[in-house]
1. At a 10 angstrom cut-off on C-beta neighbours, averaged per residue, how do the peptides 168-174, 89-95, 67-73 rank from highest to lowest?
2. What net charge is computed for the residues neighbouring Gly90, neighbours being all others with C-beta under 13 Å from the C-beta of Gly90, Lys and Arg scored +1, Asp and Glu -1?
3. Just add up the charged neighbours of Val118: K/R +1, D/E -1, any other residue whose Cβ is under 13 Å from the Cβ of Val118.
Amino acid sequence: MNRPRTRSDAGQAFPVYITVVGGLLLLALAYFAVGQAAATRSEAQTAADAAALAAAMETRDQLAGQWLTDILEPDSWQAIFDGDAPVDSGCWRAHVLAARNDASVTCSPDGPLGYTVVAETNGTVGDSIVPGTEDKKATETATAVIEARCSFEPPAEDAGDNELPSLSCKGEEWDLDPEDLVDLPRPEDLFDVHLADS
């Protein structure tokens, strides 16, 4: 009398187990590659944002300095607040900030009161299971704008030299006395710098 043979499930489950583990490993590596790419893009965006803001803040500081130079000439104030003043480009600051973020940038003025920066990471995505990523760099763009925070009433034609307009800067009033120009607005009081909505 022959005894029935018992089949071992362990032998059949092992190939399935190897296939599942291999698939999960491949999926994990794919997620890792996506994570590497996302991290590199994030680095590029951070560099672009920082560089654009730096360029805009450099111009803001120059405009504020020009306003201080012309403070006794209120007829020139509006041109300064409109960005129509003899100031140098702030793009050099964008290059400095980009280098600190391990990136290189292309910077260009975006009107009189803004800068657009394209940043490219110096580092690459690196080796991954996705072919061609080892030399792939990330490129992102950012635009920063400068906005005047202050308004004023132009002086009357018969206003004397000892009279300056009051500045209204987003809820803060500055009554300027030409004989006592000590407590004056700072650059951040005069102008707001922020990233443009994409």
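Where a number appears in this text, it was derived from the coordinates with a stated rule and is not lab data. Everything numeric in this text was worked out from a predicted model, so none of it was measured. Here the Cβ is made from the backbone with ideal geometry for all residues, glycine too, and neighbour counts use every protein chain on show.
1. Peptide ranking by packing, descending: 89-95, 67-73, 168-174.
2. Neighbourhood net charge equals -2.
3. Around Val118, the charge tally is -3.
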